[in-house]
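Here the structure is laid out as structure tokens; the discussion comes afterwards.
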Amino acid sequence: MAYVKLNEYVYDCSQCHTRCDGISKGTYRFENDVQFSEHYENLVIKRINKSEKYIAAKCLTAGYPDIEIKTKAGNLHHYLEIKVQQRTFMAVKKYLPESGLMPSETVALNLSDLLRYFAIKEQTGVPSGILWVVLNRLCIIPAGHEQMFYQDTQILQSIYKTELLKRKFTRKSGEGDVVDGVHKGVTVNYHFSLKELRPWNA
């Protein structure tokens, strides 16, 4: 399942001349991440609507993916979750050696969100998918640009069932995780490879 056709050197971090920052700052600005995600949610909605194939809007059902996509006739067609990946998990080989993942190909998702989306797909029968917006990864994306990668929830669930705990990582809580006395930051992540995803263009 190798959807991303890139030269092998792209994934060889040891040979990279523009290495990503592998030092965890211990500061995770939850509110900043939310604002950043909302920017890309609106961008994706505009791109889908501009194509005039479907009608996209922010999903108002609590706990559901960010965007709901309908046909021109008004029938619910798809749910879409947007995840912005600004940081690179440079220590993935150290902490998840059995995953077989390289830092440059690794993307993450809150594990509780992932499991919830699996459940929503099973309960509603409505197809859904996750769209990762990948930034700050110069081996793949030119500086100042982003690239989007998509995968259907059903395929992600198949990968999850195969890999199980090999892809799970729990980080320590840091500054910014707690907002108004409530811990909102993501500390338990599940990881996928860009090679398991498809480049996305509306």
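Return a yes/no flag: does the stretch 79-88 have any residue that is farther than 21 Å from residue 116 by Cα and open to solvent by 40 Å² or more (accessible area, probe 1.4 Å). Among the residues of the stretch 79-88, at least one is farther than 21 Å from residue 116 by Cα and open to solvent by 40 Å² or more (accessible area, probe 1.4 Å), which makes the answer yes. Once the stretch 8-43 is narrowed to residues that are modelled with pLDDT of 85 or more and within 22 Å of residue 143 (Cβ to Cβ), the residue that is surrounded by the fewest Cβ atoms within 10 Å (Cβ to Cβ) is 39. Checked against (1) on the phi > 0 side of the Ramachandran plot; (2) surrounded by 14 or more Cβ atoms within 10 Å (Cβ to Cβ), residue 100 passes all but condition (2). The set of residues in the stretch 138-156 being in contact with a Ser or Thr (Cβ under 6 Å, 6 or more places away or on another chain) and surrounded by 20 or more Cβ atoms within 10 Å (Cβ to Cβ) consists of 139, 153.
Within the stretch 60-108, being assigned to a helix (DSSP H, G or I) and either touching a residue at least 24 places away in the same chain (Cβ under 8 Å) or in contact with an Asp or Glu (Cβ under 9 Å, 6 or more places away or on another chain) (or both) holds for 92, 95, 98, 99, 103, 104, 105. Between 5, 46, the distinction of being open to solvent by 40 Å² or more (accessible area, probe 1.4 Å) and modelled with pLDDT of 95 or more belongs to 46 only. Output the number of residues of the stretch 49-61 satisfying the condition of being open to solvent by less than 70 Å² (accessible area, probe 1.4 Å) and of a type in the set (A, V, I, L, M). Residues meeting the conditions: 2.
For the stretch 123-137, a residue qualifies if it is touching a His at 6+ places or on another chain (Cβ under 9 Å) and either open to solvent by 10 Å² or more (accessible area, probe 1.4 Å) or of a type outside the set (Gly, Ala, Ser) (or both), and the qualifying residues are 126, 127, 135.
Considering 150, 160, the condition of being assigned to a strand (DSSP E or B) and not hydrophobic (A, V, I, L, M, F, W, C) is satisfied by 150 alone.
The values are calculated or read from the model by the stated rules, or taken from the named source; none is laboratory data. Note that the coordinates shown come from a computational prediction; the quantities given were computed from them, not determined experimentally. Ideal geometry is used to build each Cβ from the backbone, glycine not excepted, and the neighbour counts take in all protein chains shown. Just the protein is used for accessible areas: all its heavy atoms, side chains included, with ligands, DNA and RNA removed. Shrake-Rupley method; radii C 1.70, N 1.55, O 1.52, S 1.80 Å.
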